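Here's the structure we're looking at; comments come further down.
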Amino acid sequence: MAVQPTRIGLAGLAVMGQNLALNIAEKGFPISVYNRTTSKVDETVERAKKEGNLPLYGFHDPESFVKSIQKPRVIIMLVKAGAPVDQTIKTLSAYLEKGDCIVDGGNEWYENTERREKAVAENGFLYLGMGVSGGEEGARNGPSMMPGGSLEAYKNIEDIVLKVAAQVRDSGPCVTYIGKGGSGNFVKMVHNGIEYGDMQLIAEAYDVLKSVGKLSNEELHSVFTDWNKGELESFLIEITADIFGIKDDKGDGHLVDKVLDKTGMKGTGKWTVQQAAELSVPAPTIESSLDARFLSGLKDERVQAAKVFKAGGFGDILTDQTVDKKQLIDDVRKALYASKICSYAQGMNLIRAKSMEKGWGLKLGELARIWKGGCIIRAIFLDRIKQAYDRNAELANLLVDPEFAKEIIERQSAWRRVVCLAINSGISTPGMSASLAYFDSYRRERLPANLVQAQRDYFGAHTYERTDVEGSFHTEWFKIARQSKI
Ligand code: NBP
C-alpha cells in the first residue's frame, strides 16, 4: 500500500501490462496496479520486489486502486482489445473524477478509440489510444509508443512516456504525440502490417537460400549475422540469425526445422489490408504477407496437394541446378532490401491517405523516427526513411526519393534474378514478386489500363478519357467491331 498517492495507475497485468508497469516504476514513477484476476497483482508486486524494490503498489479492488492515484489521475489499460476494454472502462469510471485520463495501451481498432473518447468525455474524462510495440522485452526495457487522442491527456503522461520509451542515440525517445482521435491506434496497426511484410520477405529470403541455394542452418546463421552488420541491420534480421543457431532440445538438428509451418495472427495485419482496400491505396507486399499466412494455415490441404502433384511427377523443388552460393546470397540480400523499400512505401502511403481523410496531419518522418528503437520493425533503414521525408515532407512515394531511387536501380537486376530463379524453381516468393510488380507498375508511365478501361466501356458504357482530348467518351465498340466484319 502506497503512503503517498502514486503518480499513475495501470490496469491489466498480463505480459504487456506487467512489464510496462515495472518499467514505469523503474524510471522512478510510483505506480498503482490492478488486474481482474488478483493473483496477477500479487505476481507483479513480487516481481517489483525482486527486480529492485521498485515503487509499485498492488490493489485487489478497483476502488482502492483508483483512489490511490494522484489527481488528475492517469490510468493505462493493457487488457485484451474489444469488449474487455469497455468492461475495464466501466469498472474504473465508477471511481474516476472529471479531468482524469484513461489510456488504452492495447492493439485496438482505431474507431473503438474514437467512440470511447467521445463516450468518456460525457463524464469529463480524457482519453488516449496508445499503441505500444516491442512485445514483452520492449515493454520492460523501452518500447516504441504511439499515443493519439486527447492532447491534454498526453500532456499529463508526457514526462512518463518520454522516460519509459526506448531511447535512441541522436534521435531521442521513441514516442511522440501522434495526433487526434484514433491516429495512435491506426499508426500502430500499420506498423504491424509493415511487420507482417518484413517477416514474410525474410522468410522468402530463407526459403530461396535454403531450398535453391542449399544453405545449411549454420550457413544461414552466418549469412543473417553478416546481413545484420549492413543495410539490413534490424531486430528481425538479428532474431532470425539467432533462430538458425538454436539446436533442438528434444532431438537432433535445429529447432527451426521442427517448428510447424503454420503462422498465427491476431488481426492487425488483416485490418491494415482492409484499410488499404478501403482507401484505394495499393499495398501488395503487405497483402501478400497476409495471404501467405492464410495459405500457411491450409497445412492439411497443402499436404494433400503435394501428394497429388508428386504423383504427377512434380517434386517439391523444380530444379536441381547448382547455383553460385556467394552470388545468390548477395542477390537475395539486395532483393530483400529493395522489396523492403516497396513495403514501407505502401505502409507510409496508407498512413498518409488516412491522415488526409481524417485531417490528422500526421508527420511520416516523425513516425519513422519513433520506430527506430523499441519496436519490432526497428532498423537502421528507418533512418533513411526519416531523411527522405526530411528532404521532402510531401514525397509522393518513397520510391521516388532520389536516394531510394538510386538504391533500387542499383539492386533491381539482382532482385529480378532472385524472383526469376524462385519462379523457375517452383519456390513462391509472393512478397518479393509483389514488391517487384509494385515497382514495375509505379515506375511505368503507361500501363495496360487503357485496355481495361476500353473493356469497361465496351460492356458497361462506363465511358473513358482520352490521352489527346479532354472529356468523357463512349464508343459503340460492339457495333463498330461487328459492322467492320460485315
Ligand atoms: P492479453 O491480450 O492476453 O489480455 C490479457 C489481459 O486482459 C489480462 O489482464 C486479462 O485479465 C484482461 N482481461 C480479459 Br482477457 N478480459 C477482461 C475483462 N472482461 N475485464 C477486464 N480484464 C480483462 O494481454 P497482453 O498480451 O499483455 O496484451 C495486452 C494488449 O497489448 C492487447 O491489446 C495486445 O494486443 C497488445 N499488445 C500485445 C503484445 C504482446 O506481445 N503480447 C505486443 C503489443 C501489443 P485476467 O488476468 O483477469 O484474465
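Every number here is computed from the coordinates shown, using simple stated rules; none is lab data. From a predicted model like this one, the values you see are computed outputs, not experimental measurements. Using ideal geometry, Cβ is built from the backbone for each residue, glycine included, and neighbour counts are taken over all protein chains shown.
Of the residues making up segment 53-67, none is closer than 23 Å to Ala139 by Cβ, within 13 Å of the ligand (Cβ to nearest atom) and under 24 Å from the mean Cα position of the chain (by Cα).
Of the listed requirements (1) buried (at least 24 other Cβ atoms within 10 Å of the Cβ); (2) at negative phi; (3) of a type in the set (Gly, Ala, Ser), Ser171 misses just one: (1). Applying the criterion of being in contact with a helix residue (DSSP H, G or I) (Cβ under 7 Å, 6 or more places away or on another chain) and among the small types (Gly, Ala, Ser) to the residues of segment 184-210, the residue that is surrounded by the most Cβ atoms within 10 Å (Cβ to Cβ) is Gly197.
Candidates in segment 20-43 are the residues that are of a type in the set (S, T, N, Q) and surrounded by fewer than 24 Cβ atoms within 10 Å (Cβ to Cβ); of these, the one that is farthest from the ligand (Cβ to nearest atom) is Asn23.
A count restricted to segment 244-284 and to residues that are in a loop (DSSP other than H, G, I, E, B), basic (Lys, Arg) and either within 16 Å of the ligand (Cβ to nearest atom) or under 18 Å from Ile202 (Cβ atoms) (or both) stands at 2.
Considering the conditions (1) within 13 Å of the ligand (Cβ to nearest atom); (2) in contact (Cβ under 8 Å) with a residue 60 or more places away in the chain; (3) surrounded by fewer than 22 Cβ atoms within 10 Å (Cβ to Cβ), Glu108 is excluded by exactly one of them, (3). Checked against the criterion of being over 30 Å from Thr268 (Cα atoms), of a type in the set (Gly, Ala, Ser) and touching a helix residue (DSSP H, G or I) at 6+ places or on another chain (Cβ under 7 Å), the candidates Gly99, Gly58 yield just one match: Gly58.
Would you confirm whether any residue within segment 313-333 is under 23 Å from Arg411 (Cα atoms) and of a type in the set (Ser, Thr, Tyr)? Yes, segment 313-333 has at least one match.
Residues checked against (1) out of contact with any helix residue (DSSP H, G or I) (no Cβ under 7 Å at 6 or more places or on another chain); (2) in a helix (DSSP H, G or I); (3) among the small types (Gly, Ala, Ser):
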position: Ser435; (1), (2), (3): no, yes, yes
position: Asp440; (1), (2), (3): yes, yes, no
position: Arg444; (1), (2), (3): yes, no, no
position: Val452; (1), (2), (3): yes, yes, no
position: Tyr458; (1), (2), (3): no, yes, no
position: His462; (1), (2), (3): no, no, no
position: Thr467; (1), (2), (3): yes, no, no
position: Gly471; (1), (2), (3): yes, no, yes
position: Phe478; (1), (2), (3): no, yes, no
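Here Glu122, Glu117 are screened, and the one residue that is over 24 Å from Ala25 (Cα atoms), surrounded by fewer than 23 Cβ atoms within 10 Å (Cβ to Cβ), away from the ligand (no atom under 16 Å from the Cβ) and of a type outside the set (A, V, I, L, M) is Glu122. Exactly one residue out of Glu287, Glu301 is closer than 28 Å to Ala335 by Cβ and in a helix (DSSP H, G or I): that is Glu287. Restricting attention to segment 76-103, the residues that are among the basic types (Lys, Arg) and more than 8 Å from the ligand (Cβ to nearest atom) add up to 2. Residues of segment 374-418 that are outside any helix (DSSP H, G or I) and either among the acidic types (Asp, Glu) or over 22 Å from the mean Cα position of the chain (by Cα) (or both): Asn392, Glu394, Asp401.
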